[in-house]
Amino acid sequence: MNLDSNVIWRKGNGEIPERAKRVVESAQDELLLMSLQLPPEIVDMIRSNASENAQTINDYISGIVVGYFKTAL
């Protein structure tokens, strides 16, 4: 059985396809949210705000952290 037809992208094949990129970003977002161990209402708020700003959850949280450190300096 040839599994190559099921491979969307392999490292070294050039630019990652948009479909695969969205799947990877979604998985990264979910792992980040799980690792932070936040209450469900905060997770929902983060998801909502990231969506409203057309950002990934990772980008949204990174922006919050960077903003915090800029004001702390």
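Summary table below
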read-out	value
Neighbours by Cβ (under 7 Å, 6+ apart or cross-chain): first from region 57-73, under 16 Å from Val43 (Cβ atoms); second in a helix (DSSP H, G or I) and among the polar types (S, T, N, Q)	Asn58/Gln28; Tyr60/Asn49
Number of positions in region 17-49 that are β-branched (Val, Ile, Thr) and either open to solvent by 80 Å² or more (accessible area, probe 1.4 Å) or over 18 Å from Ile64 (Cβ atoms) (or both)	2
Region 52-73, residues that are over 17 Å from Val23 (Cβ atoms), part of a helix (DSSP H, G or I) and open to solvent by 80 Å² or more (accessible area, probe 1.4 Å)	Glu52, Ile64, Tyr68, Phe69, Lys70, Thr71
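The values are calculated or read from the model by the stated rules, or taken from the named source; none is laboratory data. A quick note: this is a predicted structure, and the numbers were derived from the prediction, not measured. No Cβ is skipped: glycine too gets one built from the backbone with ideal geometry, and neighbour counts run over all protein chains shown. When the accessible area is computed, the model is the full protein with side chains, heavy atoms only, and any ligands, DNA or RNA have been set aside. Shrake-Rupley method; radii C 1.70, N 1.55, O 1.52, S 1.80 Å.
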